[in-house]
1. Let a ≥ b ≥ c be the square roots of the eigenvalues of the Cα gyration tensor of segment 1-79; is it rounded (a/c under 1.5), or, if not, prolate (a/b larger than b/c) or oblate?
2. Rounded to the nearest 5, what % of DSSP beta bridges with both residues in the chain are antiparallel?
3. Taking the radius of gyration and the Kirkwood hydrodynamic radius from Cα positions alone, what is the Rg/Rh ratio for segment 38-130, to two decimal places?
4. Would you mind computing, in nm to one decimal, how far apart the modelled labels at residue 81 and residue 35 are, each placed 7 Å from Cα along Cα→Cβ?
5. I'd like the distance separating the alpha-carbon centroids of segment 73-106 and segment 5-27, in whole Å.
6. Would you work out the relative contact order for the chain, in percent, from Cα pairs under 8 angstrom that are 6 or more residues apart?
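Read the figures in this text as sums done on the coordinates, not as results from a lab. No experiment lies behind these values; they were computed from the predicted model shown. Neighbour counts run over all protein chains shown; Cβ positions are idealised from the backbone, glycine included.
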Ligand SMILES: [Zn+2]
Ligand SMILES: [Zn+2]
């Protein structure tokens with residue numbers, strides 16, 4: 001998700017290009033060939049969420065420069081290069097991903113890459129209604 005001043009500019013999720021079957025339906029070539037995480041990205045028909053954010057922004061003519069990116073996972077090295085060239089100002093992610101090269105690219109480009117830690121407080125303080133039993 002790309003955000004600018006608390007406004008969502010574009011969103012994306014992992015998936016095959018439009019009008020194409022997804023890895024979830026066909027089985028992913030990378031998994032079928034036993035390729036390790038972080039390798040052989042070109043064999044997968046899926047686009048990463050970060051790539052789809054960039055594409056959605058381009059399709060709709062939205063500028064991502066200076067936006068902040070929020071991802072479920074730490075961006076891979078391919079997405080890192082693409083996000084750096086979009087001119088994003090910061091990247092936040094929830095789950096670490098084994099890619100020190102991607103980390104070093106963000107560091108070299110001067111873009112802060114931050115792992116979000118879950119809040120110790122529950123996100124919602126609504127009282128829980130006991131269910132009748
Ligand atoms: Zn795949
Ligand atoms: Zn990626």
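1. In terms of gyration-tensor shape, prolate.
2. On the way: 6 of 14 bridges.
The antiparallel fraction comes to roughly 45 percent.
3. 1.07
4. It works out to 1.5 nm between the two label points.
5. 18
6. 21
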